[in-house]
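Peer 1: Take a look at the following structure, please.
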Amino acid sequence: QDRWEHEGMVVNAGLRYDVFSVGNQLDASEVENRIRDQWSPRVGIAYPVSDRDVFSFHYGRFSQIPDRRVIFEDRGAAVVTRGNPNLENETTVSYQAALQHMFTEDVFGQFSVYFKDIFGLLAVDQVQSGDSPALVNQWSNKDYASSRGFELSLTKRFTQSFAGELSYTYGIATGVASDPNVTQVVDFLYLPISEQ
C-alpha cells in the first residue's frame, strides 16, 4: 500500500494477495483445487475541485475465506448440510464517490454515493454422494447480493464551545436469498433469477 500527493491530489493505492489451502486431509477425488489465490486491488483518490470543494472516489475489491465449518463439516456422517472443500471466497466489489463542500471555516457538508456487489455467497445445493442415488445437502457458492445508496452530512467543527453533525443515509440491499438455508426451508426448484 502506498500514498502519493501531487498538487493537491492525493492517491492511496494498495494490492492485497490472499492464498488459501484446504490441506491434505481430504481425498484428491473430492478437491478440485487444493490451493486458491486472489488479488484484491484498492484505490482511493481525493482531488480539490476548487478552494472550497473536494471530490473523492474509492474502488476496492475484498475477499473473505469461507468459514472452516462449511468447508470441512463431517463429510462421512449424516449431517444436515455437508461441507464443500471446493467453495470459493466470498468477493465484494465496492465503489464510493463523494463531494465535500466547505460553507464556512468551521461548517462543511458532504454528499456521497456508494455501490457494492457481493458474489459467492453461500447457498445449499442437493448433490449426489458417491454411488448412492440419494441426494444430500451441500454448501455451494450460488447466491449474490448488492447494496447501494447515498449519504448527506453536515458537520460543524468544534469552535466557540460547540460542535455537531447531522447526517441522513438512504440505502437499499437486495439479494437472491437472505438466508443460505432458504432452499431447505422453502422447496425451491430453482433459485430466483433476480435480486429480491
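The values are calculated or read from the model by the stated rules, or taken from the named source; none is laboratory data. From a predicted model like this one, the values you see are computed outputs, not experimental measurements. Cβ coordinates were reconstructed from backbone atoms using ideal geometry, including for glycine residues, and neighbour counts include every protein chain displayed. All accessible areas refer to the heavy atoms of the entire protein, side chains included, with ligands and DNA or RNA removed. Shrake-Rupley method; radii C 1.70, N 1.55, O 1.52, S 1.80 Å.
Peer 1: Does segment 63-77 contain any residue that is more than 23 Å from residue 102 (Cβ to Cβ) and assigned to a strand (DSSP E or B)?
Peer 2: Yes, some residue in segment 63-77 is more than 23 Å from residue 102 (Cβ to Cβ) and assigned to a strand (DSSP E or B).
Peer 1: Can you work out which of the residues in segment 150-163 that are among the small types (Gly, Ala, Ser) and on the phi < 0 side of the Ramachandran plot is most open to solvent (accessible area, probe 1.4 Å)?
Peer 2: Checked segment 150-163; the qualifying residue most open to solvent (accessible area, probe 1.4 Å) is 163.
Peer 1: Is there any pair linking a residue in segment 1-28 that is in contact (Cβ under 8 Å) with a residue 40 or more places away in the chain and under 20 Å from residue 39 (Cα atoms) to one that is among the acidic types (Asp, Glu) and assigned to a strand (DSSP E or B), with Cβ under 6 Å and at least six apart or on different chains, and which?
Peer 2: If the second residue must be among the acidic types (Asp, Glu) and assigned to a strand (DSSP E or B), no pairs are left.
Peer 1: On to the next question. Given the criterion modelled with pLDDT of 95 or more and of a type in the set (Phe, Trp, Tyr), identify the matching residue among 188, 150.
Peer 2: Selected residue: 150, the only one of 188, 150 that is modelled with pLDDT of 95 or more and of a type in the set (Phe, Trp, Tyr).
Peer 1: Could you grab me the full set of residues in segment 39-60 that are in a strand (DSSP E or B), more than 13 Å from residue 15 (Cβ to Cβ) and β-branched (Val, Ile, Thr)?
Peer 2: The answer is 45, 54.
Peer 1: When you scan segment 41-82, how many residues do you find that are of a type in the set (Gly, Ala, Ser), surrounded by 15 or more Cβ atoms within 10 Å (Cβ to Cβ) and modelled with pLDDT under 95?
Peer 2: Within segment 41-82, residues that are of a type in the set (Gly, Ala, Ser), surrounded by 15 or more Cβ atoms within 10 Å (Cβ to Cβ) and modelled with pLDDT under 95 number 1.
Peer 1: Can you tell me which residue within segment 29-39, out of those that are touching a residue at least 40 places away in the same chain (Cβ under 8 Å) and among the acidic types (Asp, Glu), is surrounded by the most Cβ atoms within 10 Å (Cβ to Cβ)?
Peer 2: 30
Peer 1: How many residues, within segment 13-38, are part of a loop (DSSP other than H, G, I, E, B) and among the aliphatic types (A, V, I, L, M)?
Peer 2: Qualifying residue count, segment 13-38: 4.
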